Amino acid sequence: MLAIVISYYWVVALLVFFLWFRLFWADETTAKSDLSSWMVLIIGASLWVVVLPFANLELVIKAYSIHN
């Protein structure tokens with residue numbers, strides 16, 4: 001059972017990484033050679049359980065402030 005949970009965790013982490021990687025690569029304001037940017041991308045994707053809800057909350061707040 002634990003192996004299945006761990007497998008799902010890393011599958012979602014990889015999906016999050018590839019999604020954020022595409023967004024990171026398309027962003028022209030970020031230097032692609034900056035090590036700290038890559039570390040944030042990798043650590044953020046690895047800790048998606050914590051990072052993803054906060055990233056989503058930030059997007060919702062930003063979208064709400066645009067409409068008001």
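Every number here is computed from the coordinates shown, using simple stated rules; none is lab data. Quantities reported herein were computed from a predicted structural model and do not represent experimental measurements. Here Cβ is always computed from backbone atoms with ideal geometry, including for glycine, and neighbour counts include all displayed protein chains.
Listing for the model above:
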item	result
Scope region 34-68; condition surrounded by 10 or more Cβ atoms within 10 Å (Cβ to Cβ) and not in a helix (DSSP H, G or I); matching residues	D34, L47
So W48, is it under 10 Å from the mean Cα position of the chain (by Cα) and among the hydrophobic types (A, V, I, L, M, F, W, C)	yes
Complete set of residues in region 7-41 that are of a type in the set (A, V, I, L, M) and farther than 15 Å from A55 by Cβ	V11, L14, A26, A31, L35, M39
Among residues of region 4-33, those that are of a type in the set (V, I, T), surrounded by 10 or more Cβ atoms within 10 Å (Cβ to Cβ) and in a helix (DSSP H, G or I), counted	4
